[in-house]
Amino acid sequence: MEAGELTQTDTDAEHTDHAPQPGHGAHGTEVSVPEDLPPGAVVTASGRVSSAVEFRGHESPSTPFSAVQLARLDEALTLVSRHAQLRFSIYLGDLGEDSHAGAQRLHDQLGPAGADSVLIAVDPQRRNVDIVTGPAARARLADRGCKLAVMSMVASFKEGDLLGGLLSGLRMLSDQAGIPHHGH
C-alpha cells in the first residue's frame with residue numbers, strides 16, 4: 001500500500017455492481033467475474049472483488065509495506081469484514097489540516113457502501129488516526145471501543161510497527177462489532 005492509498009474490501013461478491021462473467025470459486029463453484037474490473041482490482045477465490053485506488057500527490061510516495069505485508073493486510077481486511085459483516089477500509093496518507101474532516105470526505109467517497117463501512121484513516125506526517133463509521137457500523141461500534149482501538153494502534157505506531165498497529169486495530173474493531181444478529 002502506498003502512502004495515499006485507500007484499500008477497501010467487500011464481504012462477498014453480492015456487493016458488486018458489475019456484469020457477471022463465468023469464473024470459478026475456491027471450491028470449484030461458479031462465481032461472477034465482472035467484465036469491467038478497473039485496474040488494480042481482482043476477483044479473489046471466494047468471489048470477492050478486492051481493489052486498490054492510488055492517489056498521487058505532488059511527490060511520489062514511497063511504500064511502507066512489502067508485498068508480504070500487503071498480503072497480510074489484505075487477508076486481515078477480508079477476514080474482519082467477513083467476520084463482522086462490515087466493510088473495513090484503510091487509508092494511509094495526507095488527510096489535510098483537519099484530519100477528521102479529511103477522513104470523513106474519504107468515507108463519503110464510498111457512496112452507498114459507506115452505510116456499513118468502517119474507515120481507519122492514518123496521516124503519518126501529522127500523526128493522526130481517525131476512525132469513521134457509517135450509520136449501520138456505528139450502531140455496532142461504540143465510541144469508547146473505537147478510541148481503544150486508536151490508542152492500541154498509536155502505541156504500535158510509536159514503536160515503529162505500522163502493520164502491527166493496523167492489524168491490531170482491525171482485530172479490536174472486528175471483535176467489538178461481533179457477529180450481527182439477524183431476524184430483529
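Tell me which residues, restricted to segment 93-104, are crowded, with 16+ Cβ neighbours inside 10 Å and touching a helix residue (DSSP H, G or I) at 6+ places or on another chain (Cβ under 8 Å).
Those that are crowded, with 16+ Cβ neighbours inside 10 Å and touching a helix residue (DSSP H, G or I) at 6+ places or on another chain (Cβ under 8 Å): ASP94, LEU95.
Give the residue, chosen from ASP116, ASP98, that is more than 16 Å from PRO64 (Cβ to Cβ) and touching a Lys or Arg at 6+ places or on another chain (Cβ under 9 Å).
Working: ASP98 fails: touching a Lys or Arg at 6+ places or on another chain (Cβ under 9 Å).
Unique residue meeting the criteria: ASP116.
Within segment 145-158, identify whether any single residue is among the hydroxyl-bearing types (Ser, Thr, Tyr), assigned to a helix (DSSP H, G or I) and within 23 Å of LEU70 (Cα to Cα), and answer yes or no. Steps first, please.
Of all residues in segment 145-158, those among the hydroxyl-bearing types (Ser, Thr, Tyr) come to 152, 156.
Of the ones still in play, those that are also assigned to a helix (DSSP H, G or I) are 152, 156.
If we keep only those that are within 23 Å of LEU70 (Cα to Cα) too, we end up with 152, 156.
Yes.
Within segment 111-120, identify whether any single residue is among the β-branched types (Val, Ile, Thr), open to solvent by 10 Å² or more (accessible area, probe 1.4 Å) and either closer than 27 Å to PRO180 by Cα or more than 12 Å from the chain's Cα centre (by Cα) (or both), and answer yes or no. Steps first, please.
Going through segment 111-120, the residues among the β-branched types (Val, Ile, Thr) turn out to be 118, 120.
Right, trim to open to solvent by 10 Å² or more (accessible area, probe 1.4 Å) and you get none.
Checking segment 111-120: not a single residue is among the β-branched types (Val, Ile, Thr), open to solvent by 10 Å² or more (accessible area, probe 1.4 Å) and either closer than 27 Å to PRO180 by Cα or more than 12 Å from the chain's Cα centre (by Cα) (or both).
Can we say ALA115 is hydrophobic (A, V, I, L, M, F, W, C), touching a Gly at 6+ places or on another chain (Cβ under 7 Å), within 25 Å of VAL43 (Cα to Cα) and at pLDDT below 95? First the steps, then the outcome.
Details: hydrophobic (A, V, I, L, M, F, W, C): yes; touching a Gly at 6+ places or on another chain (Cβ under 7 Å): yes; within 25 Å of VAL43 (Cα to Cα): yes; at pLDDT below 95: yes.
Yes; evaluated as a whole, the condition is true for this residue.
For the condition of a type in the set (D, E, K, R), open to solvent by 20 Å² or more (accessible area, probe 1.4 Å) and either modelled with pLDDT of 95 or more or within 18 Å of VAL154 (Cβ to Cβ) (or both), what is the one hit in ARG126, ARG138? Quick ask: steps written out before the conclusion?
Numbers: ARG138 fails: either modelled with pLDDT of 95 or more or within 18 Å of VAL154 (Cβ to Cβ) (or both).
Within the list ARG126, ARG138, the selection yields ARG126.
I'm told LEU166 meets every condition in (1) touching a helix residue (DSSP H, G or I) at 6+ places or on another chain (Cβ under 6 Å); (2) buried (at least 19 other Cβ atoms within 10 Å of the Cβ); (3) within 15 Å of LEU77 (Cα to Cα); (4) modelled with pLDDT of 95 or more except one. Can you identify the failing condition by its number?
Every listed condition holds for LEU166 apart from (1).
Among ARG87, ARG144, ARG140, which is touching a residue at least 24 places away in the same chain (Cβ under 8 Å), among the basic types (Lys, Arg) and more than 26 Å from THR63 (Cβ to Cβ)?
Working: ARG87 fails: more than 26 Å from THR63 (Cβ to Cβ); ARG144 fails: touching a residue at least 24 places away in the same chain (Cβ under 8 Å).
On inspection, the qualifying residue turns out to be ARG140.
Taking only segment 148-159 into account, find how many residues are open to solvent by 70 Å² or more (accessible area, probe 1.4 Å) and closer than 18 Å to ARG126 by Cβ.
The total comes to 2.
The values are calculated or read from the model by the stated rules, or taken from the named source; none is laboratory data. Source: prediction; values computed, not measured. Glycine gets a Cβ as well: all are built from the backbone with ideal geometry, and neighbour counts include every protein chain shown. The accessibility values were calculated without ligands, DNA or RNA, using every heavy atom of the protein model including side chains. Shrake-Rupley method; radii C 1.70, N 1.55, O 1.52, S 1.80 Å.
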